[in-house]
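The values are calculated or read from the model by the stated rules, or taken from the named source; none is laboratory data. What you see is a predicted model, and the numbers here were worked out from it, not measured in a lab. Cβ atoms come from the backbone with ideal geometry, glycine included; neighbour counts cover every protein chain shown. Ligands, DNA and RNA are stripped out before the accessible areas are found, and what is left, the full protein with its side chains, is counted by its heavy atoms. Shrake-Rupley method; radii C 1.70, N 1.55, O 1.52, S 1.80 Å.
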Amino acid sequence: MPLVIMHNELYNAYWLMKKKLFLRNIDNQSVWQIILFLVFTLIILSKNIYSFVCMIDSTQINLSCMSVIRILSTYTVFALIISIISFIYYRQIVSWIILIVTDCWILANLLYYRSYHDLLSIWSIDSINQLQLYDGIIFPYCRLSDLFLILTTLLWVCITYIPRFRKKIITRNLTIFALTSVVVFFIPWTLMAHRSKNIINPFNPYYHDVSMGRVWYAQTFSVTAHGFNELFSLPKRWGDITDESVTVDLQDRLGVHTSVKSDCDVVIVLFESLESWVVDTTIYGNEITENINLLIREPNTLFVKNVFPQVKMGRSADAQLITFTGLLPVTQGITCMRYMNNTYPSLAEASSACFRKIYVPTSPSAWNQDAMTYAFGFKELYAEEVSDRVICNKLLDDVKAQDSSFFVMMTTMASHVPFEMYSDSSDIAMPMDYQYAKYLKSVNYTDACLKPLIDYCLKEKERPILLVITGDHTTLDTPMSNSVPFIMYCSEGVDISDGNMKETLQMDIYPTILNAMGCGEYYWKGLGRNCLDSSAVRINNAEELSNQLIKSNFFYMNNE
């Protein structure tokens, strides 16, 4: 009896609510449709809030109460917009596809963010064929909590699979309700923008031109809104490839073409993810880079402890570009993918060596290495998926067999995330965080692989020899992970008495090596400054100028 009375009271309250809210024309199916709409909105909203929490937790940002209200209101707006789009012509299969696509986009961005502290962009299209490089490194960035994305989608599939919800129905009342909700949730952050005299534009045209703009944008407007922004930016993706004319005066950076070239033997090692804090120090009683430390203590060695990386989406490929050419990577896209057919000045071109070869422990197609090898002035490429020890020995055997001068470059791979493959090859004991311990063990392994090469360079006296070891970029998310080391050994001695090594940037490596090779008259001086010359200066607008030089293929025209 009490249950019957309760049922009647609820029934009367239901019809009274419809009467009071002027919703007399809404039938029971429409009510269920509104409930479905709200559930779908809540699922989209919860997915984006989850991604927001993951990013905030990684960066440890403190938000005010008003900031939280503004962010949640904005997230709700975009969740409602997606729901409106889904329910105008509602089909359960359409809603499933939208949720699956949303899950894939959010999860891909979270994995990319946990690895590179940035989010995916339209320019990532250029590097899609690089997925072969990431076999085995995705899983360490997955979290058990990421199952939340999949489970919420499965929950929606289960709900909408019930036959009563399959019927196509959308009412005028639902549309009015949804649009009203959008307006209501827009009010808080719109008023805040007005008060602070800022225009908050979700589709800001400068979105792609601001460093780390994608992360700020996604945290403010949601990862889903970030996805819409990238979609709307697709025309810019192809429209930006048009050449630009160089309008900046380059007289202080361009010399004359000269037939005088260096006969110095050169070995350059791009040490994967070698961070400054690891070098020339002891950690838990262990010298992580014992052999590099011995090289640093040589009297003929220049050691710059802190060099600030300037790589972008190309990472290791960008480090090659900066080191070999003295140019900076383009701000949009990946230089080695978009401009592999350009003509570049290079250290290798400044050398008279007949034997010029690049050694990489990856496939030739990785980062367009097969094309960039020749663009950088090298004549041969060795590209095999082998260990650092194998590739070090291969390089050493080749240079020992040369009767004339050589110019070689090698990249390492053992200390690439997730530091799994070769960390067990190191015997050092690291009683610390699991990931950091594996990183240090991997670095220690590669340092041991470099020992025969370092010994050879220290003992070889027939011709002048130059050995350069530098990190390509940082990799860990710590306050110490902000710089890479630069070590340059010259058998004929390096005069550092007049050096200027404060605030050294990655683009300073090129002019420093160029001068150490004795090629100060080479026609391209680079955008940086020679670390061994206290009077050397940099170009202030180096990034803008480098963009113009690369996009216009300036050096091809200049050579012509």
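Given the conditions (1) modelled with pLDDT of 90 or more; (2) more than 26 Å from Leu458 (Cβ to Cβ), which single one is not true for Thr335?
Checking Thr335 against (1) modelled with pLDDT of 90 or more; (2) more than 26 Å from Leu458 (Cβ to Cβ), the one that fails is (1).
State whether one or more residues within segment 94-110 are within 20 Å of Arg214 (Cβ to Cβ), among the hydrophobic types (A, V, I, L, M, F, W, C) and either open to solvent by 80 Å² or more (accessible area, probe 1.4 Å) or modelled with pLDDT under 85 (or both).
Yes, there is a match, as at least one residue in segment 94-110 is within 20 Å of Arg214 (Cβ to Cβ), among the hydrophobic types (A, V, I, L, M, F, W, C) and either open to solvent by 80 Å² or more (accessible area, probe 1.4 Å) or modelled with pLDDT under 85 (or both).
How many residues, within segment 502-555, are part of a loop (DSSP other than H, G, I, E, B) and on the phi < 0 side of the Ramachandran plot?
24
Checking Ala371 against (1) part of a loop (DSSP other than H, G, I, E, B); (2) farther than 23 Å from Val278 by Cβ; (3) out of contact with any strand residue (DSSP E or B) (no Cβ under 9 Å at 6 or more places or on another chain): exactly one of these is not met. Which one?
(1)
Taking segment 11-57 as the search range and keeping residues that are farther than 22 Å from Val68 by Cβ and at pLDDT 80 or above, which one is nearest to the chain's Cα centre (by Cα)?
Step by step, filter segment 11-57, then rank; the result is Phe40.
Among the residues of segment 385-398, how many are more than 14 Å from Val269 (Cα to Cα) and out of contact with any Ser or Thr (no Cβ under 8 Å at 6 or more places or on another chain)?
Result for segment 385-398: 5.
Determine, yes or no, whether Lys438 is outside any loop (DSSP other than H, G, I, E, B) and either at pLDDT 85 or above or under 23 Å from Asn393 (Cα atoms) (or both).
Spelling it out, Lys438 is indeed outside any loop (DSSP other than H, G, I, E, B) and either at pLDDT 85 or above or under 23 Å from Asn393 (Cα atoms) (or both).
Pick from segment 314-340 the residues that are open to solvent by 30 Å² or more (accessible area, probe 1.4 Å), in a loop (DSSP other than H, G, I, E, B) and in contact (Cβ under 8 Å) with a residue 60 or more places away in the chain: which of them is farthest from Leu466 (Cα to Cα)?
Among those that are open to solvent by 30 Å² or more (accessible area, probe 1.4 Å), in a loop (DSSP other than H, G, I, E, B) and in contact (Cβ under 8 Å) with a residue 60 or more places away in the chain, it is Thr331.
Determine, yes or no, whether Lys461 is surrounded by fewer than 17 Cβ atoms within 10 Å (Cβ to Cβ) and either modelled with pLDDT under 85 or assigned to a loop (DSSP other than H, G, I, E, B) (or both).
yes
Here is a yes/no grid of residues against (1) more than 22 Å from the chain's Cα centre (by Cα); (2) open to solvent by less than 10 Å² (accessible area, probe 1.4 Å); (3) modelled with pLDDT of 80 or more; (4) not acidic (Asp, Glu):
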site: Ile469; (1), (2), (3), (4): yes, yes, yes, yes
site: Asp472; (1), (2), (3), (4): no, yes, yes, no
site: Asp477; (1), (2), (3), (4): no, no, no, no
site: Pro485; (1), (2), (3), (4): no, yes, yes, yes
site: Ser491; (1), (2), (3), (4): yes, no, yes, yes
site: Thr504; (1), (2), (3), (4): no, yes, yes, yes
site: Ile513; (1), (2), (3), (4): yes, yes, yes, yes
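Considering segment 370-395 alone, what residues qualify as being under 29 Å from Asn444 (Cα atoms), open to solvent by 10 Å² or more (accessible area, probe 1.4 Å) and not acidic (Asp, Glu)?
Leu381, Tyr382, Ala383, Val386, Ser387, Arg389, Val390, Asn393, Lys394
Name the residues in segment 405-435 that are open to solvent by less than 50 Å² (accessible area, probe 1.4 Å), part of a loop (DSSP other than H, G, I, E, B) and in contact (Cβ under 8 Å) with a residue 40 or more places away in the chain, would you?
Ser405, Thr412, Ala414, Ser415, His416, Val417, Pro418, Ile428, Met430 - these are the residues of segment 405-435 that are open to solvent by less than 50 Å² (accessible area, probe 1.4 Å), part of a loop (DSSP other than H, G, I, E, B) and in contact (Cβ under 8 Å) with a residue 40 or more places away in the chain.
Quick one: is Val278 open to solvent by less than 40 Å² (accessible area, probe 1.4 Å), more than 15 Å from Gln506 (Cβ to Cβ), modelled with pLDDT of 90 or more and over 15 Å from the mean Cα position of the chain (by Cα)?
Against the criterion (open to solvent by less than 40 Å² (accessible area, probe 1.4 Å), more than 15 Å from Gln506 (Cβ to Cβ), modelled with pLDDT of 90 or more and over 15 Å from the mean Cα position of the chain (by Cα)), Val278 qualifies.
Would you be able to say whether some residue in segment 163-173 is open to solvent by less than 40 Å² (accessible area, probe 1.4 Å) and modelled with pLDDT of 80 or more?
Scanning segment 163-173, I find no residue that is open to solvent by less than 40 Å² (accessible area, probe 1.4 Å) and modelled with pLDDT of 80 or more, so the answer is no.
Given Phe303, Phe308, which one is open to solvent by 10 Å² or more (accessible area, probe 1.4 Å) and farther than 22 Å from Asn547 by Cα?
Phe303
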